[in-house]
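**Student:** Encoded as structure tokens, here's the structure I'll be asking about.
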Amino acid sequence: MKAASTAGLQDAGAPPRGRAVHSKLLGLQVLRFAAAFFVVLFHLGVSLQIEFGNRTNIFHNGAVGVDIFFVISGFIIAYTTDPKKGALYFVRRRLMRIVPLYWTLTAGIAVLAMLKPGLLNSTVINGETLIKSLFFIPFAKANGAVQPILFLGWTLNYEMFFYGIYAVCLALGQRSPLVPAAIIVLLVAAVSLVKFDYVPWRFYTNPLMLEFVLGIGLYLLYRRSPAIFHGRSLPIFLMFVAAMALRAPLLEIHWLVANGIPAVLLVAAALPWAPAPTPIVLFMALLGNVSYSLYLSHPYVLQLAVKLMPDHAGTATQVLLGGAACVLSIALSIVLYFTIERPAQLAAPVPKPQR
């Protein structure tokens with residue numbers, strides 16, 4: 001929920017050492033798909049609740065997938081960014097990774113909303129909402145939700161703001177990831193001092209931004225003392241399981257504690273995990289590549305599938321057809337990756353490094 005973004009490990013504008021990210025951090029690549037699938041399950045549960053009046057969302061913990069994406073993003077941007085290549089290189093690579101698919105799907109939803117407005121209840125299409133959606137400017141819908149036309153794009157607004165902060169730091173010659181991390185912390189702290197009702201201000205000072213900082217912090221720890229992670233995937237994973245079991249009481253403290261702690265633990269568990277490159281693991285890594293497409297496109301596949309279910313579908317039918325919809329969502333994401341995402345990445349210009 002949070003775009004994550006789910007920018008590909010091999011496409012994050014990596015320096016030469018970053019070319020090995022795909023194999024060296026195979027655990028993170030697999031985790032990207034897992035996080036996306038958590039979100040898919042969460043939205044399947046929400047759709048079934050709305051359509052059939054189910055009392056609970058059995059996949060409610062899947063919402064933590066968004067938090068995992070943000071932590072991964074903070075880690076990977078810090079890990080792969082080479083300051084010597086400059087801010088322009090960083091920005092252009094990020095834009096070519098995020099924008100083509102997002103704009104394509106936004107245009108598709110905009111056309112659908114204009115042709116069949118009843119299908120998308122809270123989506124209003126006009127010049128202002130379209131421009132703000134395309135250029136990652138937060139705005140509130142009539143129902144109060146701060147979401148663009150492609151509603152999961154709200155997480156991309158956070159991602160692009162994070163990239164913007166990082167790019168400005170690079171342009172000013174600040175090479176340490178601690179600098180953008182400090183700026184984010186100060187922005188979030190500022191909301192307690194400066195309060196006014198301006199949507200972008202309220203949006204970008206949300207404590208959710210701190211999850212990028214958690215990812216940067218995890219990177220700094222990994223860079224300084226990688227040995228402390230080695231051989232500890234299982235115990236760290238068990239800590240993640242315990243944190244998820246305690247998520248309900250932790251929510252009473254703060255949602256950032258309830259979601260951020262499990263997210264950091266799961267990412268930390270994935271760092272030293274180096275599974276043998278079996279066909280299953282390599283297929284999971286491929287699915288990690290398509291996680292961005294899966295994340296952005298799956299809600300509409302699920303909504304359509306749920307609406308096509310029989311009116312009095314029982315639990316077994318819901319699970320069976322819901323599972324089929326999840327598989328269809330993955331298949332669509334593979335198509336989107338190879339027809340839109342990958343060609344855009346390959347076409348991305350590579351500026352000369354700044355000296």
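**Student:** Can you tell me the FRET efficiency between Ala331 and Leu251 if r is taken as the Cβ-Cβ distance and R0 is 41 Å, rounded to the nearest 0.05?
**Tutor:** 0.75
**Student:** Going by how many other Cβ atoms sit within 10 Å of their own, how do Val319, Val194, Val290 line up, fewest first?
**Tutor:** If I rank by nearby Cβ atoms, fewest first, I get Val194, Val319, Val290.
**Student:** Please state, rounded to one decimal and in Å, the Kirkwood hydrodynamic radius that the range 225-352 gives when every pair of distinct Cα atoms enters the mean of 1/r.
**Tutor:** 18.1 Å is the Kirkwood radius here.
**Student:** Report ³J(HN,Hα) in whole Hz for each residue of the range 99-105, in order, from the Karplus equation J = 6.51 cos²θ - 1.76 cosθ + 1.60 where θ = phi - 60°; Gly and Pro get x.
**Tutor:** Per-residue couplings from phi come out as 6, x, 5, 4, 5, 4, 5 Hz.
**Student:** Take the Cβ-Cβ distance between Ala140 and Leu282 as r, set R0 to 45 Å, and report the resulting FRET efficiency rounded to the nearest 0.05.
**Tutor:** Calculated value: 0.55.
**Student:** Continuing with the same structure: Under a 5 Å amide H to amide H cut-off, with H placed in plane at 1.01 Å, what residues pair with Val146 once short-range neighbours are removed?
**Tutor:** Lys141
**Student:** Write down the Å³ per residue value for the convex hull defined by the alpha carbon atoms of the range 9-347.
**Tutor:** 154 Å³
**Student:** Follow-up question, since we're still on this one. Bins of 10 Å, beginning at zero and ending with the bin holding the largest distance: percent of Cα pairs per bin for the range 38-128, please.
**Tutor:** Values per bin, smallest distances first: 13, 24, 33, 22, 7, 1.
**Student:** Let me ask you something else. Loop only per DSSP, at most 16 neighbouring Cβ atoms within 10 Å: give me the trypsin sites (Lys or Arg not before Pro) in the range 47-140, ordered by residue number.
**Tutor:** Counting only loop positions with at most 16 other Cβ atoms within 10 Å, the trypsin sites (Lys or Arg not before Pro) in the range 47-140 are Arg55.
**Student:** Ok, one more. What order, most packed first, do the peptides 123-130, 61-68, 294-301, 280-287 have when packing is the mean number of other Cβ atoms within 10 Å of each residue?
**Tutor:** Put in order of decreasing packing, that is 61-68, 294-301, 280-287, 123-130.
**Student:** A further question on this structure: Scaled to the compact-protein estimate 2.2 N^0.38 Å, what is the alpha-carbon radius of gyration of the range 224-286, rounded to two decimal places?
**Tutor:** Scaled against compact globular proteins, the figure is 1.33.
**Student:** Continuing with this model, one more query. Can you run phi through the Karplus equation (6.51, -1.76, 1.60; θ = phi - 60°) for the range 32-45 and list ³J(HN,Hα) in whole Hz, with x for Gly and Pro?
**Tutor:** Using θ = phi - 60°, the values come out as 4, 5, 4, 5, 4, 5, 4, 5, 4, 5, 4, 6, 4, x Hz.
**Student:** Sum -39500 (n - 2.57) across every DSSP H segment of at least 4 residues in the chain, then divide by the residue count to get the 222 nm mean residue ellipticity, nearest 500.
**Tutor:** Value at 222 nm, helices only: -21000 deg cm²/dmol.
**Student:** Ranked highest first by the average count of other Cβ atoms within 10 Å around their residues, in what order do 240-246, 195-201 fall?
**Tutor:** So the order, starting with the most tightly packed, is 240-246, 195-201.
**Student:** Taking the mean number of other Cβ atoms within 10 Å as a proxy for protection, how do you rank 40-50, 209-219 from highest to lowest?
**Tutor:** Top to bottom by mean Cβ count within 10 Å: 209-219, 40-50.
**Student:** Quick check on the exposure proxy: order Ile131, Ile76 from fewest to most C-beta atoms within 10 angstrom.
**Tutor:** So the ranking, lowest neighbour count to highest, is Ile131, Ile76.
We did not get these values from a lab; they are worked out from the coordinates using the rules stated. All values reported here derive from a predicted model rather than from experimental measurement. Glycine gets a Cβ as well: all are built from the backbone with ideal geometry, and neighbour counts include every protein chain shown.
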